[in-house]
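*Asks:* My questions all concern the structure below.
The values are calculated or read from the model by the stated rules, or taken from the named source; none is laboratory data. Please read these numbers as outputs of a predicted model, since none were measured by experiment. When we count neighbours, we look across all protein chains shown, and the Cβ atoms used for this are built from the backbone with ideal geometry, even at glycine.
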Amino acid sequence: MLGRETVAAFVGPAPRGPVDVPVAIRSVAEYLKRFGCPDKDSRLQHYLERYFGNGGTLAVVVRVCHSSRRNQIHLPAGDATLVLEAQHPGPLEYLRASVDYDGIPPDEDSCFNLTVHRLDGGSSPVVVEQEIYPEVSVDADDPNYVGDALHHSALVRLRDTGVTRRPMPTVGPGALMNPDYVYADGTRLPAEMLTDYDLIGSPQDCTGLYALEQIARLDLLCIVPPAAGFCLGPVARFAAERYCRRRQALLLVEPPGHWQLARDVIADRQRSQFASPNVVTCFPLPGDSSVLGALAGALAAQDQGSGAWSLSSSAPLRLRCPWRPHLELSASEISALVRAGVNPLTAAGPGRLDMHGGVTTARGSGLAPEWCALRWRRTALFAVSGIVQNSRWMLFRRDASECIADLRAQLQAFLAALQANGALAGIRDKEGWFLQEPRLRGDELEIEFGIALRRPGEFLHFRVIQRGGDAEVRELGWQPALAVAI
């Protein structure tokens, strides 16, 4: 459990591909295969390049789209039209289809052969996916009905228009030798700009950010703005922070565009009421680019190598990034930014940046130090996530009440392993953590535990309530050893 892989999610616009579906990828090449388009720039691609370039290994991508409009292929069928609709919305689904009657008996007037291509969209289009459906029929009662056959298609689906005649051939005999195609409409329409509401989406419909409900675990979240210079608005930022708090995850956010100088940042932070231990931001940006992908990758690599708790609060975190910040910060400005809960960026040689501070936006808000230091907060989130994951099995056991002792032993082993690996303070168990007897009440499982991060015996106290498929985590704050019944 301690060596588990960090899950970083990226939510934002992409040129093409599935919408509101979390897709796990392990390389930029995988992203391009599922979401990319050669002649269309993608900010999400740049984030992922920096993420994998800094040591990240697993990214979950959720494509968000403003419109549900899908490109269509119109195949003439006598006086009617057989319409094939793209599986995924967006103007950059470059599709084409051909129809022929090769091998179809002359007396069979409802069957045809269908070929569908997805093109890369370049100036000289290249076929990147092909699907062939031989001897499909427009007869809904036929076992090889075209609508049923296209249920397995990754490219198109049949838009039911009541067509009873098969589409006319787009090619003559010998179709593979001299093919002709009907191309999808709308492939050159401009994409519409996303709004904050598109990015956050709906919890009821599992769209936008809430599509991540479909994955079991989340550690880091980057919401990708639709264009350079944009950042999340206050309502969207608040919704994303609440979501991360519920999922025991960290939200990485772009600094606002009006942060031009260090004094702008400090003044804005003093006016702002938004301070969260689950949010991390930095300043300044390197030109018009973003370092959030690089930051997520560096944190993921740190986790994999030596654990979230090994992140230094004094030494900077080194990021591989090809751009330089647009201004240089003085030592006093660096200190002031850290006190304001913002991580300063400085150049560290060609292709390198240093992130100083290691703080969350809770710094300077009066919250406990454990919530302000990035390494302590990430350790706490790791511990809570581990407790949630290690106890979920109890909800699916009919004899759950008889398994309390087994659960307690499993959770104790997890907390002891955290301490043995240097994540918790102290040497003996009672110095670094405590665990109260888990309680089962009907279909609810309640677990209370504490972890010491700064000093032995000074615990951050949590209550985890598991019910159904969800877990509620209550942060009960700091408790001294004498105040906790162990």
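*Asks:* Mind checking which residues of the stretch 198-235 are assigned to a helix (DSSP H, G or I) and of a type outside the set (Asp, Glu)?
*Replies:* Correct list: Leu199, Ile200, Gly208, Leu209, Tyr210, Ala211, Leu212, Gln214, Pro234, Val235.
*Asks:* Which ones in the stretch 236-262 are touching a residue at least 40 places away in the same chain (Cβ under 8 Å), of a type in the set (Gly, Ala, Ser) and in a loop (DSSP other than H, G, I, E, B)?
*Replies:* Listed by number, the list holds a single entry, Ala249.
*Asks:* Follow-up question, since we're still on this one. Does Val116 count as touching a Lys or Arg at 6+ places or on another chain (Cβ under 9 Å), without any contact (Cβ under 8 Å) to a residue 24 or more places away in the chain and either closer than 24 Å to Glu30 by Cβ or of a type in the set (S, T, N, Q) (or both)?
*Replies:* No.
*Asks:* Hand me the list of helices (runs of 4 or more DSSP H) wholly inside the stretch 352-439 holding 3 or more residues that are surrounded by 19 or more Cβ atoms within 10 Å (Cβ to Cβ).
*Replies:* Qualifying helices (runs of 4 or more DSSP H): 369-372, 374-391, 404-420.
*Asks:* Looking for whichever is surrounded by fewer than 15 Cβ atoms within 10 Å (Cβ to Cβ), modelled with pLDDT under 90 and either over 35 Å from the mean Cα position of the chain (by Cα) or more than 30 Å from Arg43 (Cα to Cα) (or both) here; the options are Gly122, Gly103. Which one fits?
*Replies:* Gly103
*Asks:* So Ser312 ticks every box in (1) part of a loop (DSSP other than H, G, I, E, B); (2) without any contact (Cβ under 8 Å) to a residue 60 or more places away in the chain but one. Which box is left unticked?
*Replies:* Just one mismatch for Ser312, condition (2).
*Asks:* Oh, and also: If you scan the stretch 40-63, which residues turn out to be assigned to a loop (DSSP other than H, G, I, E, B), surrounded by fewer than 24 Cβ atoms within 10 Å (Cβ to Cβ) and either touching a helix residue (DSSP H, G or I) at 6+ places or on another chain (Cβ under 8 Å) or among the polar types (S, T, N, Q) (or both)?
*Replies:* Answer for the stretch 40-63, where residues must be assigned to a loop (DSSP other than H, G, I, E, B), surrounded by fewer than 24 Cβ atoms within 10 Å (Cβ to Cβ) and either touching a helix residue (DSSP H, G or I) at 6+ places or on another chain (Cβ under 8 Å) or among the polar types (S, T, N, Q) (or both): Ser42, Asn54, Gly55, Thr57, Leu58.
*Asks:* Checking Val291 against (1) in contact (Cβ under 8 Å) with a residue 40 or more places away in the chain; (2) over 23 Å from Gln273 (Cβ atoms); (3) in contact with a Gly (Cβ under 9 Å, 6 or more places away or on another chain), which test does it fail?
*Replies:* (3)
*Asks:* When you go through (1) among the small types (Gly, Ala, Ser); (2) touching a Leu at 6+ places or on another chain (Cβ under 8 Å); (3) on the phi > 0 side of the Ramachandran plot one by one for Ala86, which number turns out not to apply?
*Replies:* Unmet condition: (3).
*Asks:* Another question, if that's okay. So, in the stretch 285-309, how many residues would count as being of a type outside the set (D, E, K, R) and not in a loop (DSSP other than H, G, I, E, B)?
*Replies:* 16
*Asks:* Further question on the same structure: Select from the stretch 87-100 the residues that are touching a Ser or Thr at 6+ places or on another chain (Cβ under 6 Å) and within 15 Å of Pro76 (Cα to Cα) and write down the one among them that is surrounded by the most Cβ atoms within 10 Å (Cβ to Cβ).
*Replies:* Val99
*Asks:* Which one is nearest to Cys37 (Cα to Cα) among residues in the stretch 125-150 that are more than 31 Å from the chain's Cα centre (by Cα) and in a strand (DSSP E or B)?
*Replies:* Checked the stretch 125-150; the qualifying residue nearest to Cys37 (Cα to Cα) is Ile132.
*Asks:* Part of a loop (DSSP other than H, G, I, E, B) and hydroxyl-bearing (Ser, Thr, Tyr), is that true of Thr164?
*Replies:* Against the criterion (part of a loop (DSSP other than H, G, I, E, B) and hydroxyl-bearing (Ser, Thr, Tyr)), Thr164 qualifies.
*Asks:* Of all residues being touching a Lys or Arg at 6+ places or on another chain (Cβ under 9 Å) and crowded, with 24+ Cβ neighbours inside 10 Å in the stretch 281-291, which is modelled with the highest pLDDT? Just the residue, please.
*Replies:* Filtering first and then ranking leaves Val291.
*Asks:* Does Pro143 satisfy the condition of being modelled with pLDDT of 90 or more and either touching a helix residue (DSSP H, G or I) at 6+ places or on another chain (Cβ under 7 Å) or over 30 Å from Arg378 (Cα atoms) (or both)?
*Replies:* yes
*Asks:* Restricting attention to the stretch 409-431, report how many residues are out of contact with any Ser or Thr (no Cβ under 7 Å at 6 or more places or on another chain) and within 19 Å of Val388 (Cα to Cα).
*Replies:* 11
*Asks:* Continuing with the same structure: May I ask you to say which residue of Arg324, Arg318 is at negative phi, part of a strand (DSSP E or B), of a type in the set (Lys, Arg) and surrounded by fewer than 24 Cβ atoms within 10 Å (Cβ to Cβ)?
*Replies:* Matching residue, one of Arg324, Arg318: Arg318.
*Asks:* Within the set of pairs 6+ apart or on separate chains, which have a first residue in the stretch 337-352 that is within 18 Å of Ala294 (Cβ to Cβ), a second that is of a type in the set (Asp, Glu), and C-beta atoms under 9 Å apart?
*Replies:* Pro344/Glu333; Pro344/Asp354; Leu345/Asp354; Thr346/Glu328; Thr346/Asp354; Ala347/Glu328; Ala347/Asp354; Ala348/Asp354
*Asks:* Considering (1) of a type in the set (Gly, Ala, Ser); (2) at pLDDT below 90; (3) more than 22 Å from Glu213 (Cβ to Cβ), say which one Ala298 fails and leave the rest.
*Replies:* Status for Ala298: all satisfied but (2).
*Asks:* Something else about it: Those residues that are over 18 Å from Leu150 (Cα atoms), in contact (Cβ under 8 Å) with a residue 12 or more places away in the chain and not aliphatic (A, V, I, L, M), I need them from the stretch 119-129; list them, please.
*Replies:* Hits for the stretch 119-129 are Asp120, Gly121, Gly122, Ser123, Pro125.
*Asks:* On the given criteria, is Gln270 crowded, with 20+ Cβ neighbours inside 10 Å and either in a helix (DSSP H, G or I) or among the β-branched types (Val, Ile, Thr) (or both)?
*Replies:* no
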